[in-house]
Each structure stands twice: as C-alpha cells, then as structure tokens.
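The structure appears below as structure tokens.
The values are calculated or read from the model by the stated rules, or taken from the named source; none is laboratory data. On a predicted model such as this, the values are computed, not experimentally measured, just so you know. In this analysis, Cβ positions are derived from the backbone assuming ideal geometry, glycine residues included, and neighbour counts consider all displayed protein chains.
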Amino acid sequence: MGFDSGSGYAVILITVIVIVIFGTITALFSRYKKCPSDKILVVYGKVGKVGDENRSSKCIHGGAAFIWPVIQHYEFLDLTPLSIEVNLQKALSKQNIRVDVPSRFTVGISTEPGVMQNAAERLLGLGLTEIQELSKDIIFGQLRLVIATMDIEEINTDRDKFLEAVSSNVETELKKIGLRLINVNVTDINDESGYIEALGKEAAAKAVNDAKKSVAEKDRDGAIGEAKARRDQRVQVAEADATAVEGENRSRITVANSEAEKREKAAEAERRASAAEKVQSAKALEEAYLAEEEAEISRARREKATKEADVLVHAEVEKKKLEIEAEAQAEEFRRIARGEADAIFAKMDAQARGTKEMLEKQAEGFQRLVEAAGGIPEKAVMMMIADRLPELVKIQVEAIKGINIDKVTVWDSMGGGKDGKPATANFLSGMMQSLPPLQDVFNSAGLDLPKYLLQSKEDDTAKKESKSQEMVENNEE
C-alpha cells in the first residue's frame with residue numbers, strides 16, 4: 001500500500017512538472033509576435049539605448065520579435081492608406097487673387113526607418129480618423145503656402161510644376177509625424193474674381209479665331225489648287241500627245257536598231273564560240289602540262305623525303321648508340337669511384353683502428369706504471385722522465401755539436417774577469433750555461449726536479465767550472 005501511495009505521488013509530481021513546463025512554453029510562444037505586411041509592430045518599454053539615451057520604442061515591419069513579459073509591451077500601426085478630401089477656398093495667390101483649389105490627397109504611415117520611428121512616437125494609439133484630421137491640417141497649411149508663391153497662370157497652365165511643389169512641401173511636413181504622401185489629385189481651380197474664367201474665354205476666342213483663319217486659308221488653298229489642277233491637266237494632255245508621237249518614232253528606230261544589234265550579236269556570238277573552243281583547247285594542254293609538272297615535283301619530293309628519312313634513321317641509331325656507350329662509361333666511372341671511395345674508407349678505418357689500439361696500449365702501460373709507482377701518478381711521470389733523461393741530455397749536447405769553430409783568438413790579461421777569473425773562462429762558462437738546465441726543462445713540463453738531482457747541482461757546477469778552466473789553460477798553452 002505504501003508503494004502504491006509513493007507511485008501516485010510521483011505521477012502527480014511528474015504531471016505537475018509537465019503542466020508547468022507546457023504552460024511556460026505556451027506563454028513564451030504567445031509572447032513571440034509576428035508582424036503582418038500591412039502593419040508595423042511597435043515594441044515599447046525597456047527596448048535598449050541609442051548612445052547614452054534610452055530608446056522610446058522599436059519598430060518592426062515584415063518580421064517578428066519576442067515581447068518580454070512585464071518589461072515590454074506592443075501595439076500595431078495600420079499601414080492602410082488614408083484618402084483626404086481638401087476643399088481649399090479663397091487661398092491668396094502671388095497676385096493677391098483668391099482661388100479655390102479642391103483636391104484629394106492620399107497618405108499613409110511610412111515604413112522608412114527614421115520616419116517609422118516618428119510614427120511610433122506621434123501616432124501610436126490614434127485612430128484612423130484622428131490621423132486623417134491631423135494630416136488634413138498639415139495639408140491645408142502647406143497648400144496655402146505653395147499657392148502664395150505662384151501666379152494664377154502657373155497654377156492653371158503648369159499643373160506639373162504646381163503638383164511637384166505641393167508634393168515636396170506636404171511630404172516634408174508629413175514625415176515629421178511619420179506619414180508619407182502617396183498621391184495628389186487637383187480636380188479644378190476657380191477664383192472669385194473670374195480671372196481664370198476670363199483666361200479661359202480668351203483662350204477659347206483665340207482658338208475660334210485661329211480655327212476661322214485656318215478655314216479661310218484652307219478655302220484659299222482649295223481654289224488655288226483647283227486652278228492649278230486644271231492647268232496641269234491641259235499641260236499634261238498636250239505633253240501626252242507629243243510623247244505619243246515621239247514614242248511611235250522612237251519605237252520604229254528601236255525596231256531598226258534591234259535588228260542591227262541582233263545581226264551584230266549573232267556574229268559576235270559565233271566569233272566568241274570559235275575563240276572559246278581555241279581557248280579551251282589551250283587550257284586543256286596547259287592543265288596537262290601543269291599536271292605532269294606537279295607529278296614530277298611530287299616524285300622528287302617523295303625521293304627527297306625517302307633519303308632524308310634514311311639519313312635521319314641512321315643518325316638516330318648512331319645517337320642512341322653513343323648515348324648507350326656514354327651511359328656505360330658513366331656507370332663504369334661510378335663503379336670505379338665507389339671502389340676507390342670504399343678503399344679510402346677502409347684505409348682510413350684501419351689507420352683509426354691502429355691509432356686507437358696504440359693509444360689503448362699506451363694507456364694500459366701507463367696504468368701499469370702507475371700501479372708500479374704505488375698508485376701515485378707523479379712518481380710514474382718522474383719514472384718516465386728519468387727513463388728519457390739520457391735522450392734529453394743527448395738532445396742538449398746535439399744543440400751545439402754542429403757549431404764549427406775553426407779558430408778562437410783570445411786577448412786576455414790575468415785577473416781581468418769577474419771574481420778574479422779570466423774573461424776566457426767566463427766566456428766558455430757562459431756558453432755551457434746557455435744550454436737549458438734540467439730544472440728549467442722539468443719546470444716547463446709542470447714537474448719538480450728530484451731531490452737527489454738537486455743535491456748534486458753544486459757539484460756539477462763546480463765540475464763544469466773546473467772543466468772550463470782546464471780548457472782555457474790548454475788554449476793558453
């Protein structure tokens with residue numbers, strides 16, 4: 001039972017939701033208004049802004065719009081034309097003559113954007129009768145204004161100019177309230193002084209006089225024409241008789257000439273026939289000769305084309321042969337180039353492998369040398385330099401070995417040198433000291449000379465000085 005009650009509540013809730021949704025959709029659709037073609041939909045309320053000012057309304061013609069509830073409302077303006085009868089009386093013209101101008105104007109609400117907005121602001125809520133009366137007042141004023149600027153003759157005779165002036169002035173004023181002028185029809189124009197009637201009588205009298213004058217001129221022209229016709233008749237009869245006689249004579253001459261021309265033409269025809277036969281024979285021979293000449297030319301052209309074709313075919317074959325040979329040579333060159341490139345690559349690869357192997361062996365030997373030196377790289381380097389020391393000394397000696405001294409002459413006096421030594425001894429000692437000492441050699445390599453070599457440095461210096469002294473003495477002897 002509880003389950004049934006819960007199901008009933010759910011159904012009721014769903015039904016209520018559906019009804020609310022349906023009602024909302026229906027209300028929204030009812031607020032969507034379509035504008036018929038003969039009306040203007042005016043939406044007013046909160047419709048937006050133009051610049052900093054609020055818009056008074058929004059006009060739609062030939063479309064549709066959604067009308068928001070509460071904040072917006074709408075109305076329609078009818079576009080049905082209004083026919084307004086304007087019986088203007090005693091309007092003062094430019095000549096100060098009062099005239100009556102009965103007329104009929106047809107107006108309607110304009111659909112131009114700016115003018116349509118004016119109609120929404122000034123005509124919304126008014127009936128057709130009220131709009132008609134408002135338009136009538138404007139038309140009366142503008143019609144009087146136009147008549148006051150024109151003469152009676154212009155109003156009466158130049159109706160197009162009058163209607164154009166009335167249309168221009170009236171439509172300008174009607175646009176200010178949202179209307180447009182559709183048509184103007186002026187039925188008749190009268191004046192209280194009879195000026196227009198007098199103009200009409202003057203025109204009628206002038207027309208009657210012109211007609212009478214025209215009739216008299218036509219009678220005169222008729223009498224003159226009749227006399228001329230009789231004269232022409234007599235002249236033409238006489239001319240016809242003379243022409244008849246002359247025609248008979250000419251016909252006889254014509255017959256004689258015709259006979260002569262007939263015989264002459266027969267002879268000419270016979271002569272032409274004979275000449276034509278000869279000409280045709282000559283043309284036939286000429287055409288035969290031309291045909292033979294064309295045949296010879298064609299045969300020569302065929303033989304020439306055959307020979308040219310043989311030469312061209314042979315040249316094409318030779319060209320193809322040369323192209324094939326050139327391609328074969330190019331392929332051979334490419335194959336040789338690839339072989340040479342492979343050989344160079346193999347050579348360079350072998351050299352690289354040898355260098356790598358040598359460096360690896362040297363690195364392995366140096367590693368063992370470091371291990372033999374107790375893991376101290378400096379001692380290992382000293383061992384390598386000590387191993388190369390004889391070779392370094394030999395290189396130093398070789399530096400002055402090649403000096404060729406044929407003769408050395410020394411003028412010296414005893415005790416003339418520094419520290420009580422002869423100058424000759426100092427000279428030889430300087431030559432020996434010009435060689436780079438071992439200490440400098442080690443320093444340039446970033447190493448220190450072993451201590452046992454430093455301890456014997458003074459002994460070596462003394463030995464060198466003693467040896468230099470002996471050389472000096474030997475030279476003096």
TODO: Return the residue satisfying two criteria in turn: it lies in region 113-162 and is hydrophobic (A, V, I, L, M, F, W, C) and in contact with a Cys (Cβ under 9 Å, 6 or more places away or on another chain), and of such residues it is surrounded by the most Cβ atoms within 10 Å (Cβ to Cβ).
DONE: ALA119
Open item on the list: Against the definition (of a type outside the set (Ser, Thr, Tyr), outside any helix (DSSP H, G or I) and surrounded by 15 or more Cβ atoms within 10 Å (Cβ to Cβ)), how does ILE177 come out, yes or no?
Closed with: yes
- [ ] Starting from residues that are surrounded by 12 or more Cβ atoms within 10 Å (Cβ to Cβ) and of a type in the set (Gly, Ala, Ser), keep the ones in region 52-99 and report whichever is farthest from VAL146 (Cα to Cα).
- [x] ALA65
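Within region 109-130, track down each residue that is over 42 Å from the mean Cα position of the chain (by Cα) and among the hydroxyl-bearing types (Ser, Thr, Tyr). Please lay out each step first, then the result.
If we filter region 109-130 for residues that are over 42 Å from the mean Cα position of the chain (by Cα), which is where we start, we get 109-110, 118-130.
Those that are over 42 Å from the mean Cα position of the chain (by Cα) and among the hydroxyl-bearing types (Ser, Thr, Tyr): SER110, THR129.
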Open item on the list: Going through ILE12, ILE25 one at a time, which residue ends up being surrounded by fewer than 13 Cβ atoms within 10 Å (Cβ to Cβ), among the aliphatic types (A, V, I, L, M), at pLDDT 85 or above and not assigned by TED's automatic domain parsing to the domain that holds LEU179?
Closed with: ILE12
TODO: For region 115-129, state whether one or more residues are more than 22 Å from VAL186 (Cβ to Cβ), among the hydrophobic types (A, V, I, L, M, F, W, C), in a loop (DSSP other than H, G, I, E, B) and in contact with a helix residue (DSSP H, G or I) (Cβ under 9 Å, 6 or more places away or on another chain).
DONE: yes
- [ ] Test ILE97 against the stated conditions and say whether it is among the aliphatic types (A, V, I, L, M) and in the same structural domain as ILE189 (by TED's automatic domain parsing).
- [x] yes
TODO: Considering each residue of region 28-42, count those that are surrounded by 10 or more Cβ atoms within 10 Å (Cβ to Cβ) and under 12 Å from PRO69 (Cα atoms), and give that number.
DONE: 4
Open item on the list: I'd like to know if region 198-212 contains one or more residues that are of a type in the set (A, V, I, L, M, F, W, C), modelled with pLDDT of 65 or more and assigned to a helix (DSSP H, G or I).
Closed with: yes
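Do the conditions hold for VAL115, that is, is it of a type in the set (Val, Ile, Thr) and in contact with a Leu (Cβ under 6 Å, 6 or more places away or on another chain)?
On the way: of a type in the set (Val, Ile, Thr): yes; in contact with a Leu (Cβ under 6 Å, 6 or more places away or on another chain): no.
In short, no.
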Task: Residue check for ASP188: acidic (Asp, Glu) and in a loop (DSSP other than H, G, I, E, B) - done: yes
- [ ] Quick one: which residue in VAL245, VAL313 is loosely packed, with under 10 Cβ neighbours inside 10 Å and assigned to a helix (DSSP H, G or I)?
- [x] VAL245
Open item on the list: Which of the numbered conditions does GLU327 fail, given that it passes all the others? Conditions: (1) at pLDDT 80 or above; (2) exposed (fewer than 10 other Cβ atoms within 10 Å of the Cβ).
Closed with: (2)
- [ ] Output the residues belonging to region 43-84 that are in contact (Cβ under 8 Å) with a residue 12 or more places away in the chain, in a loop (DSSP other than H, G, I, E, B), small (Gly, Ala, Ser) and over 20 Å from PHE29 (Cβ atoms).
- [x] SER56, GLY62
Open item on the list: Give me the residue from region 8-64 that is in contact with a strand residue (DSSP E or B) (Cβ under 9 Å, 6 or more places away or on another chain) and among the aromatic types (Phe, Trp, Tyr) and, out of that set, nearest to ALA119 (Cα to Cα).
Closed with: TYR44
